[in-house]
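The values are calculated or read from the model by the stated rules, or taken from the named source; none is laboratory data. Not measured: the values here are computed from a predicted model. Please note: Cβ atoms are built from the backbone with ideal geometry, for glycine as well, and neighbour counts cover all protein chains shown.
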């Protein structure tokens, strides 16, 4: 019983006191950007391609978020004023029908279906979130993908749980592993705000460069 209490106290202490660390990215240039006022101080920009944005401005598709607690991603991308249309991936089947492309685009549950739509309609971009356990902890990512080539052209992430905290949580949950709850810190610490700010700068830098 004493050991259980000790582990619980350590977990509570880490949850309240652990500060994010910058992620290491061997073999890849790093560019860390300051985030808005929050306890998450850095966005680690892993990929930020220079692109001609003009061909992709007709459409952006926002995939469902990893966390259901932030349903405003669609509105946020629309508010950027960069894309002519912004739709959720859930609304993509009806969009395909309106465009009369249902015979060409059959499976939107796979990236291959997105590739077909990319070539059958117009070039577009996909904006999505991801949450994954890495060597240094749990990281929450905002990713922009070119579905025509399946290349990620922007990837920014922040740490929302340190490796030590994740290990202690696994101990307390009998090794349950990565769960959506491990990314609650993305909301609590403003990771979504920081990631959107970083992605917006990347988009507008590419617009200005044209």
>> Could you check region 123-139 and list, in sequence order, the residues that are crowded, with 18+ Cβ neighbours inside 10 Å and within 14 Å of residue 64 (Cα to Cα)?
In response: 126, 127, 128, 129, 131
>> Please verify whether residue 166 is modelled with pLDDT of 95 or more and either farther than 30 Å from residue 58 by Cα or surrounded by 14 or more Cβ atoms within 10 Å (Cβ to Cβ) (or both), treating the condition exactly as stated.
In response: no
> For region 95-108, how many residues are over 15 Å from residue 60 (Cα atoms) and in a helix (DSSP H, G or I)?
Replying inline: 2
